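Here the structure comes first, spelled out in structure tokens, and everything after it is commentary.
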There are 4 protein chains.
Amino acid sequence: MKQTIQVAIVGVTGYTGMELIRLLDNHPLFELRVVTSRREAGKRLQDIYPHLSGLKFGEMTIDPPDPKHIAEKCSLAFLAVPHGTAMDMAAALYQKGLKVVDLSADFRIRSRETYEKWYALDHSCPHLLGEAVYGLVELYQEEIRQAKLVANPGCYPSSIILGLYPALARDLIDAESLVIDSKSGATGAGRGAREEKLFCEVQDNFRAYALGGAHRHTPEVEQELSRYAGREITVSFNPHLLPVNRGILSTMYAGLKPGVSLQQIRQAYTDSYRHQEWVRILDPGVLPQIKNVRGTMLCDLGLVLDERTRRLIVVSAIDNLCRGASGQALANANLMSGLEVSAGLNLAPLVP
Amino acid sequence: MKQTIQVAIVGVTGYTGMELIRLLDNHPLFELRVVTSRREAGKRLQDIYPHLSGLKFGEMTIDPPDPKHIAEKCSLAFLAVPHGTAMDMAAALYQKGLKVVDLSADFRIRSRETYEKWYALDHSCPHLLGEAVYGLVELYQEEIRQAKLVANPGCYPSSIILGLYPALARDLIDAESLVIDSKSGATGAGRGAREEKLFCEVQDNFRAYALGGAHRHTPEVEQELSRYAGREITVSFNPHLLPVNRGILSTMYAGLKPGVSLQQIRQAYTDSYRHQEWVRILDPGVLPQIKNVRGTMLCDLGLVLDERTRRLIVVSAIDNLCRGASGQALANANLMSGLEVSAGLNLAPLVP
Amino acid sequence: MKQTIQVAIVGVTGYTGMELIRLLDNHPLFELRVVTSRREAGKRLQDIYPHLSGLKFGEMTIDPPDPKHIAEKCSLAFLAVPHGTAMDMAAALYQKGLKVVDLSADFRIRSRETYEKWYALDHSCPHLLGEAVYGLVELYQEEIRQAKLVANPGCYPSSIILGLYPALARDLIDAESLVIDSKSGATGAGRGAREEKLFCEVQDNFRAYALGGAHRHTPEVEQELSRYAGREITVSFNPHLLPVNRGILSTMYAGLKPGVSLQQIRQAYTDSYRHQEWVRILDPGVLPQIKNVRGTMLCDLGLVLDERTRRLIVVSAIDNLCRGASGQALANANLMSGLEVSAGLNLAPLVP
Amino acid sequence: MKQTIQVAIVGVTGYTGMELIRLLDNHPLFELRVVTSRREAGKRLQDIYPHLSGLKFGEMTIDPPDPKHIAEKCSLAFLAVPHGTAMDMAAALYQKGLKVVDLSADFRIRSRETYEKWYALDHSCPHLLGEAVYGLVELYQEEIRQAKLVANPGCYPSSIILGLYPALARDLIDAESLVIDSKSGATGAGRGAREEKLFCEVQDNFRAYALGGAHRHTPEVEQELSRYAGREITVSFNPHLLPVNRGILSTMYAGLKPGVSLQQIRQAYTDSYRHQEWVRILDPGVLPQIKNVRGTMLCDLGLVLDERTRRLIVVSAIDNLCRGASGQALANANLMSGLEVSAGLNLAPLVP
């Protein structure tokens, strides 16, 4: 039997922290040893999360975020704190030899300049940018296995990159024509109390925000798509807020290169993801629904040809909280620990 | 004081029928005299709609749909029956001299061939296609005033056309690059009981459907946009289903013509809708939300320039049931009756 | 033509303030002249409420809450500020001769001791407690017409009192056996940003709170029910939080007095509310739904006899924001101003 | 290693069938061999449930419901068909030696007369009523281990019985005063397409139904409560429909017997469920929320004393689809198969 691996969650009070705990509760080898929160230190997890009462981790005491304490108890840490805060904790834990999966944006952008421009702050440990591996498990599995520091992808980028990679990598679409229209559930905005996130403001409502290149996930998407395409790509990324808790559905539009058929497209997607159990290329005529991936690592892709305008339409659906954040972090930790990527992660979707 | 005008609703059991009654309850001059339904004939309105108990029309008896009976009692009729059924009723009432506002698609498409191809049935009264006026009140107000038969616009087309008209009419965008991503509340799918429309299938879910030119509102959108642009336009129209009752938000993307600035765009929109009280051009930085138009005739437009890709993004929000169907039908009836377009229609939105 | 009456809203940034504006927008005689908010003073209403852009009051500037300024401009004020704050403003405006409708709890409880115990603060103007009239329009219409200061009822009490009044006043039920199980939409908790009110905490959830006499509406309910019953009544009032924006449904259980039949009960309710257009006694077999009263002053009552346990079950449904707060405030203002109680308030429900 | 056990689902197209598949996907020893549906026979599971594409059971072919075929392949069957249909299938499979867990009501009521009166049909195999064990796992664990036929409890009764058992069995409350006010998510009404279950009818709504002893779960509740109390009990059971997919919250009111303290009550509940990992007695001041049990077998109980009226209030929350139906069926199958009751069932709740 494999040995257990001691892990920590730094910043346990947000939705990504909650989701990490849900998934670790079901994990065969990771043993949660330390959870931290500056604000809630001293309480038990079940004091702030009554749904954990009586479960495996309910009685755990929340500690203040002390790298020394974490390093004494754990060999791997999940950082579920905001960007800006994560980088310092990552550097401290990295230096102490821990493996780190950072769910913030601090190590996703390889260019320091780009990061500092979009996030409007100085990077405190740019020397680690080269160490960090972008943790999209389908595309960087080998690098992640060797990594000490993984930058867990953003939720929107996860849905977008998985949807566009095959078409871009095989040069089947006109990247300049790309339009990305994404819709996310409200957990994506985090758990901080703000008026605009109140139930009565979101329920029975729908709205666009940060359109036209204003959202910070834009450079992350562009960095990755440019890499696969082999040249600089600028995209129009446009997020919207759905009145649901979980789920992102991205609808992506691009002109087909001359002569490319839908059949070629389908073949490219099937080939690209042949060994990826979580990516499902839906049958012709079937389109993704966010409920079909709820609570899972699945990414459903629908491929449609708009014959009248010669555009390819790719629809992708993921659970922003599981696949787009905490589940993917766990998959990364699996790989970094020599486990199967899917250890503890193959739950069926909760439908309805 | 103006005289009351007797009106009928043919097909009162769907959501558009319900909404017509809500609005007529508040109308100063229209007097609802006949409501029909083949299925529910003989019942009172409040038997099938308990929310109308004790209100103005609650005690009305539902009649079977008999043109002769309607013509004896009324001078104007709203047709809230499905396409295919509406055309025959429209012809019968038209012949008897009634003014008709048809909420179905039967008279929206000027070309008989196009209609028959997209709707897969023969048009029973093609001679009336030339009589029918497309009832988008901002753009055809004068024609509507003279009309005997108005084709009430579809819900998606209403949101799209109002959002694109100024840019296309003034040749400010590249029509070939147009991508339309629309999201609608569930009332848009009507009230027929089907598994996919059950609460448990729609709640906490979001999905795309009829992508890439498969939706029947496509030719309607193209007909109108082509007319304003002065040339044939083919669009990529892509609907999605929101877990809300009311509201459509359309996000529309198009390349800007060389040299066109956002300021010119804003000016074009402001000028186009200067005298239209229901179209609101939102301030820079403010984006439409469907809750802000709930229960009203308002159409909110947000204008954003994606500078990095030189694309104009137009976001439009309407209430699909009021502005996109029954409210617009009432506005058309107002114009056809010599009333102010807004009679009985200037309610403030129900927020939250 | 009647003259317009100048009114103010003190505390315009909460949900009751928003709802007052929606209703005043449709009112024939009240002219909104002053709106106040300490936090948002200096902005226009449409800056904080984009849904008001272009509407009647959108351009109004928000003032700081200054009684002198209000008194110069207005003859009637709605207080939509929290309890504790309202009493001082009420006293100041009352002294300057304004009519005041206070939507807070500060003048609802006639006994100073009871108020101070339940609300845990000293009453700053107990001399006004005797002046204040409890503004439930069906039961105190004559007193309200004469009042200078009206204590607008709480949302839960409105739904409960209307549901129990006929049975208690005619001594048809055993008051000691009363159990009240109420369920409210989330607007009832106000607009302050707190984690527990976030969309992701309320959506897809349902919970009880403040059970067993812990909720501050308890003494208000008991005061009124005791008055109608003619003796002290202690009730078990138990609120729950629904994942909807608007609406309260209260299910109330009480043993029938010996020999009382359901027919007698129905007769008592019909008689009691014979002249009250907003209270609807539903037909046997029909039960209230909160959607049927959305946006209105209606109170739907369902009466059921549980024959097996000889209990009467009364179900009442209201819109907590309109009937349970701002609409009722407007009805009170109507009466205080010599208008019809229903002026501006007879909108049909927004269904669906 | 234990051997796998072949199981069947008869009636796979409803919500309980879907939930059984979700849970079996995660079960260590049950192997799903046959799924049946008269309507969908011949299709694969993923054809009707796209969320199962690529998962363990997605490719399974749906068979028509043939007892012989089922008996050849399986040793245990879950019946997820309507009452009336289930009894015949149960008898056929029972006779062929299969273990049967019937999710319908057909074997829950021990008295044939009571069943036939409430369900308005003749029982076709009354000889099996004595064989059937009522499958509430906390209370009948030993009997279930020996059973060949288990009547899986109803969803409402599960929430109610677990909430009242300790108080009734120890004679701490006045059973005659019991009032039960239950609120259920919409999956409880099943998946058949009916107008009243459409999204637009349920969303943003809340309503009572089948009040005062009209609901068929009433005799089931009374049968069980009477058994624990040791005498005939008649209850007032009153269901309501919540705009959520999953979850039942029951609020139960009963007078305390003289001299009984809340501490005694808490002790009785703690003692009764000391060895039951799924029942959580919440700390004083904490109340159940349906989200805290989503997707699980948990039953959260809150205990409140209304001191002013000397009433005990018990609040219970379960997931109606998992604990109240399919998960409980699986727990029963575990026990009947000699497994741990919790095999495959200890998932953490999906929050948020």
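Taking C:G212 as the residue in question, decide whether it is under 30 Å from D:R246 (Cα atoms), in contact (Cβ under 8 Å) with a residue 12 or more places away in the chain and out of contact with any Phe, Trp or Tyr (no Cβ under 8 Å at 6 or more places or on another chain). Even if it seems obvious, please write down each step before you answer.
On the way: under 30 Å from D:R246 (Cα atoms): yes; in contact (Cβ under 8 Å) with a residue 12 or more places away in the chain: yes; out of contact with any Phe, Trp or Tyr (no Cβ under 8 Å at 6 or more places or on another chain): yes.
Answer is yes for this residue.
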Failed condition for C:R191, given (1) outside any loop (DSSP other than H, G, I, E, B); (2) within 20 Å of A:Q203 (Cα to Cα), with all others met? (1)
Among (1) in contact with a Leu (Cβ under 6 Å, 6 or more places away or on another chain); (2) open to solvent by less than 30 Å² (accessible area, probe 1.4 Å); (3) farther than 19 Å from D:E131 by Cα, D:L29 falls short only on (1)
Does A:A80 fit the bill of being small (G, A, S) and either under 20 Å from A:Q328 (Cβ atoms) or not assigned by TED's automatic domain parsing to the domain that holds A:H27 (or both)? yes
Could you list all residues from the stretch C:284-338 that are under 27 Å from D:P219 (Cα atoms) and of a type in the set (D, E)? C:D306, C:E307
(1) open to solvent by less than 10 Å² (accessible area, probe 1.4 Å); (2) within 17 Å of the chain's Cα centre (by Cα): which one isn't true of D:V314, the others all being true? (2)
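Confirm whether B:Y269 is among the aromatic types (F, W, Y), within 14 Å of chain A (Cβ to nearest Cβ) and over 17 Å from the mean Cα position of the chain (by Cα). Let's see the steps before the verdict.
Values: among the aromatic types (F, W, Y): yes; within 14 Å of chain A (Cβ to nearest Cβ): no; over 17 Å from the mean Cα position of the chain (by Cα): yes.
So B:Y269 does not fit the description; no.
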Can you pull out the residues in the stretch B:223-247 that are within 17 Å of B:P153 (Cα to Cα), within 11 Å of chain A (Cβ to nearest Cβ) and touching an Asp or Glu at 6+ places or on another chain (Cβ under 8 Å)? B:R246, B:G247
Any idea which of (1) open to solvent by less than 10 Å² (accessible area, probe 1.4 Å); (2) touching a helix residue (DSSP H, G or I) at 6+ places or on another chain (Cβ under 6 Å) is the one C:Y165 doesn't satisfy? (1)
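A quick yes/no check of all residues on (1) more than 24 Å from the chain's Cα centre (by Cα); (2) within 28 Å of A:N26 (Cα to Cα):
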residue: D:F30; (1), (2): no, yes
residue: D:A41; (1), (2): yes, no
residue: D:S75; (1), (2): no, no
residue: D:M87; (1), (2): no, no
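Please work out if A:K197 is over 20 Å from the mean Cα position of the chain (by Cα), surrounded by fewer than 24 Cβ atoms within 10 Å (Cβ to Cβ) and basic (K, R).
yes
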Within the stretch D:288-306, residues being over 15 Å from D:Y165 (Cα atoms) and either among the β-branched types (V, I, T) or open to solvent by less than 30 Å² (accessible area, probe 1.4 Å) (or both) number 12
Looking at (1) among the hydroxyl-bearing types (S, T, Y); (2) open to solvent by less than 10 Å² (accessible area, probe 1.4 Å); (3) part of a helix (DSSP H, G or I), find the lone condition where D:S182 falls short. (3)
Scan the stretch D:273-281 and give yes if some residue there is open to solvent by less than 40 Å² (accessible area, probe 1.4 Å), closer than 30 Å to D:Y15 by Cβ, touching a Leu at 6+ places or on another chain (Cβ under 8 Å) and within 12 Å of chain C (Cβ to nearest Cβ), otherwise no. no
Where in the stretch A:1-99 are there helices (runs of 4 or more DSSP H), lying fully within it, with 1 or more residues that are within 13 Å of another protein chain (Cβ to nearest Cβ) and at pLDDT 95 or above? A:15-24, A:45-48
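If you take the residues in the stretch A:248-266 that are away from every other protein chain (no Cβ under 14 Å) and in contact (Cβ under 8 Å) with a residue 60 or more places away in the chain, which one is least open to solvent (accessible area, probe 1.4 Å)?
The initial filter retains those residues of the stretch A:248-266 that are away from every other protein chain (no Cβ under 14 Å), namely A:257-261, A:263-264, A:266.
Within this subset, residues satisfying the condition of being in contact (Cβ under 8 Å) with a residue 60 or more places away in the chain are A:257, A:260, A:264.
Details: A:K257: 55, A:V260: 12, A:Q264: 89 Å².
Among those residues, the one meeting the criterion is A:V260.
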Residue under question is D:A41, and the condition is that it be of a type in the set (G, A, S) and open to solvent by less than 10 Å² (accessible area, probe 1.4 Å); does it hold? no
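Is it the case that some residue within the stretch D:235-242 is touching a residue at least 12 places away in the same chain (Cβ under 8 Å) and surrounded by fewer than 19 Cβ atoms within 10 Å (Cβ to Cβ)? Step through it out loud before you land on a result.
From the stretch D:235-242, those touching a residue at least 12 places away in the same chain (Cβ under 8 Å) are D:235-242; that's our starting set.
Going one step further and asking which of them are surrounded by fewer than 19 Cβ atoms within 10 Å (Cβ to Cβ), we end up with none.
Checking the stretch D:235-242: not a single residue is touching a residue at least 12 places away in the same chain (Cβ under 8 Å) and surrounded by fewer than 19 Cβ atoms within 10 Å (Cβ to Cβ).
So how many residues does the stretch A:120-156 have that are touching a residue at least 24 places away in the same chain (Cβ under 8 Å) and either in a loop (DSSP other than H, G, I, E, B) or open to solvent by 10 Å² or more (accessible area, probe 1.4 Å) (or both)? Write out each step before concluding.
Quick first cut of the stretch A:120-156, residues touching a residue at least 24 places away in the same chain (Cβ under 8 Å) only: A:121, A:123-125, A:128, A:131-132, A:134-139, A:141, A:144-145, A:147-156.
From what is left, the residues that are either in a loop (DSSP other than H, G, I, E, B) or open to solvent by 10 Å² or more (accessible area, probe 1.4 Å) (or both) are A:121, A:123-125, A:131-132, A:135-139, A:141, A:145, A:147-148, A:152-155.
So the answer is 19.
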Output yes when any residue across the stretch C:72-80 is more than 28 Å from C:C299 (Cα to Cα), hydroxyl-bearing (S, T, Y) and open to solvent by less than 60 Å² (accessible area, probe 1.4 Å), and no when none is. yes
I'd like to check something: does the stretch D:157-171 contain any residue that is more than 10 Å from chain C (Cβ to nearest Cβ), outside any helix (DSSP H, G or I) and out of contact with any His (no Cβ under 7 Å at 6 or more places or on another chain)? yes
Say we look at the stretch D:7-55 and pick out the residues that are in contact with a helix residue (DSSP H, G or I) (Cβ under 6 Å, 6 or more places away or on another chain) and polar (S, T, N, Q); which of these is nearest to D:K148 (Cα to Cα)? D:T16
Give the residues of the stretch C:218-267 that are touching a Leu at 6+ places or on another chain (Cβ under 8 Å) and among the β-branched types (V, I, T), sorted by residue number. C:I233, C:V235, C:T251, C:V260, C:I265
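The values are calculated or read from the model by the stated rules, or taken from the named source; none is laboratory data. Quick caveat: nothing in here was measured; it's all calculated off a predicted structure. With ideal geometry, Cβ positions are generated from the backbone for all residues, glycine too; neighbour counts draw on all protein chains shown. Quick note on the areas: whole protein, heavy atoms, side chains included, nothing else; ligands and nucleic acids left out. Shrake-Rupley method; radii C 1.70, N 1.55, O 1.52, S 1.80 Å.
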